[in-house]
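Just so it is clear, none of the values below were taken in a lab; they were calculated from the coordinates. Quick caveat: nothing in here was measured; it's all calculated off a predicted structure. Cβ coordinates were reconstructed from backbone atoms using ideal geometry, including for glycine residues, and neighbour counts include every protein chain displayed.
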Amino acid sequence: MANNLLQGKRGIIFGAMDEDSLAWKIALKVIEEGGDLVLTNAPVIKRFGSLEKLAESVGKKIIYADATSVEELDHLITESQEILGGKLDFVLHAIGMSVNVRKKKEYTDLNYDWMQKTFDVSAISFHKLMQCLYKADAMNEWGSIVALTYIAAQRTFPDYSEMAESKSLLESFARSFGYHFAAKKVRVNTISQSPTITTAGSGIKGFDEFFNYADKMSPLGNASSEACADYTVSLFSDLTRMVTMQNLYHDGGFSNMGMNPAILGM
Ligand SMILES: NC(=O)c1ccc[n+]([C@@H]2O[C@H](COP(=O)([O-])OP(=O)(O)OC[C@H]3O[C@@H](n4cnc5c(N)ncnc54)[C@H](O)[C@@H]3O)[C@@H](O)[C@H]2O)c1
């Protein structure tokens with residue numbers, strides 16, 4: 001049920017790779033709510049994902065940009081404003097990748113060159129993006145910037161490995177830059193999402209078992225990607241204008257549980 005919550009708003013969606021991507025579900029919901037958008041992803045996705053087909057299905061443009069490159073981000077921000085016809089009202093950062101996880105390195109034997117790459121792609125890219133938006137004065141007043149994160153930033157989930165530290169850094173950038181963006185009346189928040197079956201999610205060891213565990217532990221069950229899209233749209237909308245510098249749990253209650261008898265079959 002659409003409510004035109006984003007009528008007249010325009011923005012950039014990072015991280016849609018295939019139809020399971022959280023960013024893709026969010027893009028669909030933004031369009032349903034009347035928003036206009038440009039899709040972006042790393043150039044390498046041209047060869048792997050199904051983004052071209054997805055973009056065509058909704059008649060939206062893709063501008064490829066490696067989120068670790070300031071030059072490519074600058075180009076993306078300029079081009080997007082030209083395509084969309086003005087400054088931006090919303091930006092979604094939905095990017096995550098760990099080289100050590102991908103190469104199955106244990107947490108006690110990490111490769112530090114790969115760790116730096118992980119931090120650059122998964123967290124520093126968020127600072128780079130915000131700095132480019134800030135310097136270009138590309139956000140409209142009461143605009144909203146959102147990044148997706150995970151509770152491993154606060155609690156230990158061993159198989160999440162160095163992505164835990166990436167997410168801590170990401171959330172910290174949201175708070176710190178949120179302060180600076182507030183001077184421009186722009187808000188910055190992170191959404192801490194339940195485990196969700198996507199390409200990035202399933203790359204974590206033992207993901208399926210953990211997905212089921214989290215689903216049982218959460219009184220409302222795991223939040224789906226469609227529900228994540230609804231929540232993100234609410235943060236892009238004018239209904240949440242005074243919410244900023246927050247890490248917002250969207251997890252069916254998981255983050256406040258200690259023990260759930262359902263896990264023990266009681
Ligand atoms: N799936 C989950 O369980 C879950 C839970 C909480 C948070 N998240 C977060 O949600 C976000 C989206 O992940 P997803 O689960 O939809 O998986 P996904 O694999 O569909 O999305 C990750 C995206 O990051 C993009 N990316 C990687 N390197 C990039 C680069 N250098 N430049 C630009 N883009 C790059 C990939 O191309 C991909 O589109 C990530 O930040 C992830 O950590 C996921």
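When Lys and Arg each count +1 and Asp and Glu each count -1, what net charge do the other residues less than 15 Å away from Ser98, Cβ to Cβ, add up to? With Lys, Arg at +1 and Asp, Glu at -1, the neighbours total 0.
Candidate membrane-span-like segments in the chain, meaning DSSP H helices with Cα atoms spread over at least 20 Å of their own axis and a Kyte-Doolittle mean of 1.6 or above, do not occur, with no membrane implied either way. Here the calculated FRET efficiency for Glu52 and Ile263, from their Cβ-Cβ distance with R0 = 35 Å, stands at 0.25, rounded to the nearest 0.05.
Computed over neighbours whose Cβ is under 10 Å from that of Ser122, the net charge equals -1, Lys and Arg +1, Asp and Glu -1. If you average the alpha carbon positions of the range 119-174 and of the range 22-76, how far apart do those two centres end up, in angstrom? The two parts, judged by their Cα centres, are 18 Å apart. Model label sites at Arg175 and Gln7, defined 7 Å from Cα along the beta-carbon direction, differ in position by 3.8 nm.
Rounded, prolate or oblate: which fits the range 64-129 when a ≥ b ≥ c are the square roots of the eigenvalues of the alpha-carbon gyration tensor, with rounded for a/c under 1.5 and prolate only if a/b beats b/c? Prolate, because a/c is 1.5 or more and a/b exceeds b/c. Distant-in-sequence amide contacts of Thr149, defined by a placed amide H-H separation under 5 Å and a gap of 5 or more residues or a different chain, comprise Ile191, Ser192, Gln193. Cross-link partners for Lys216 among the lysines, with Cα-Cα distance under 20 Å and sequence neighbours closer than 8 places in the same chain left out: Lys205.
Over all directions, the projected convex hull of the C-alpha atoms in the range 10-252 averages 12.3 nm² in area. Below 14 angstrom from the Cβ of Ala147, what's the summed charge of the other residues (Lys, Arg +1; Asp, Glu -1)? Around Ala147, the surrounding residues sum to +3.
When +1 charges are put on Lys and Arg Cβ atoms and -1 charges on Asp and Glu Cβ atoms, the dipole computed for the chain relative to its Cα centre reaches about 320 debye.
Length available on full extension from Asp109 to Glu209: 0.36 nm per residue minus the Cα-Cα distance, which gives 33.6 nm.
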